Amino acid sequence: MTTGFGAPSSAADRDMLLRRLADMAVLPPGRMTPQERGLVDTVIATALSRLDEAGRRRLAARIAQLPEGPRELTLALARDDIEIAGPVLRSSLGLQPTDLAQIVREFGAGHHMAIAARRALPAAVTDALVEYAGPAAICLVLANPAAEISARSLEALVRRSASEPDFQPLLLARPELTVRLAQLMFWWMPSAGRVEILSRFSIERRMMHAALGDILEAGFGAAGTDETLLVALALVRPPVALDKAALTRLINLAGMKESEAFAATMAEGARIRPETAHRIIGDFGGEPLAVFGKAVGLTRKEFGDLIVAAAEIRSAGLPARADLERITSVFDAISTDRADHVLHCWDWTISSEAQFTSLPEI
């Protein structure tokens, strides 16, 4: 029996009609005209909330497997409770990047995790996840080699990795990670990560030095006070050994606790800024001091003297034996040219970051 304009007379009749419409929505192409398919899509998407949860769950599982599902219904299912939306969000090819990004902005952690688990993630979607999702979803993104990560999002994640250590190894594995961002991340990495960065994100520049020859120093002279150009050229300039008198001065200044003069002497000897020298001195991990010592051509014995001097400036005791061996192994492993390159990357990222963000990635 029906009432009114032929409406179903019972909930059972209504549910049967909705299930039949849902079945029609997932028929293979060719069984209905495009216009009929569009009409069924609109009707069932509008009436979806009237279908019981079990029916919506079954429908979502079917829609998720279609290479090209009904547009409105797919989007309606994707915006349902996560127990129903999950399969569609994880697998459906009918969702556009703009759809997924909007869902990220409007829904919570469950939807974020499902979207982050998709096989392919365009940059528009990862940008939204980086802005709105929690650490667990972002780890899924970083672990996915098919995820596209924009330069803006990558930089944001590198900075967040200072407080999210789970990001760090995943970021190191990303092919998009640049030398600049790796060296920026260096400062909050554990020792093993620092060693990896020094190994993978430093450059041997001997061929460049041979090709440029004396013209490089002439270029420095011509740069004058152009700070942007000076910083860029410092990344390719050959290393210069620290004058032995300067090393003696460092040791004497350490004994007198003259920290400002100590940093200034380090900076002058390595052609870096005092801010960078202060960061190297204040880092208790010791790897930055090893890089500095190798970059300025210290011998192993001279490097040992520098470790003692830095400890005196910090008013801290000498590193433990295991730490000394670890720091010395960094000193031994890196070449002078690579160490000098790293030193000037730090100078760029630490002291002049805001001013020089327009420089190209290297």
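Summary of values
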| read-out | value |
| --- | --- |
| Which of SER202, SER329 is most accessible, then next, and so on - probe 1.4 Å | SER329, SER202 |
| Interchain or long-range residues, amide H under 5 Å from LEU121's placed H | ALA147, GLU148 |
| Per-pair calculated FRET efficiency, R0 = 56 Å: ALA333 and GLN102 via Cβ, rounded to 0.05 | 0.70 |
| Extension gain (nm, one decimal) between TRP188 and ALA210, 0.36 nm per residue minus Cα-Cα | 4.4 nm |
| Positive minus negative residues near ALA147 (Lys, Arg vs Asp, Glu; Cβ under 13 Å) | 0 |
| Per-residue ³J(HN,Hα) for segment 293-302, Karplus 6.51 cos²θ - 1.76 cosθ + 1.60, θ = phi - 60°, Hz, x for Gly and Pro | x, 6, 4, 9, x, 6, 6, 4, 5, 4 |
| Segment 172-273: relative contact order in percent, alpha carbon pairs under 8 Å with at least 6 residues between | 17 percent |
| Residue order for CYS345, CYS139 - accessible surface, 1.4 angstrom probe, largest first | CYS139, CYS345 |
| Gained length - GLU268 relative to ALA143, 0.36 nm times residue gap less alpha-carbon distance | 40.8 nm |
| Phi-based couplings in Hz for segment 109-121 (Karplus 6.51, -1.76, 1.60; Gly and Pro marked x) | 4, x, 5, 4, 5, 5, 5, 5, 7, 4, 5, 10, 10 |
| Between segment 103-133 and segment 174-212, the Cα center-to-center distance that results, in Å | 30 Å |
| Accessible area (Å², 1.4 Å probe, nearest 10) - MET256 | 120 Å² |
| Point-to-point label distance, GLU196-GLU53, nm (Cα→Cβ direction, 7 Å offset) | 4.2 nm |
| Accessible area of SER153 in the full protein assembly, 1.4 Å probe (Å², nearest 10) | 0 Å² |
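The values are calculated or read from the model by the stated rules, or taken from the named source; none is laboratory data. Not measured: the values here are computed from a predicted model. Glycine also receives a Cβ, built like all others from the backbone with ideal geometry; neighbour counts cover every protein chain displayed. The area values use the complete protein model at the heavy-atom level, side chains included, leaving out ligands, DNA and RNA. Shrake-Rupley method; radii C 1.70, N 1.55, O 1.52, S 1.80 Å.
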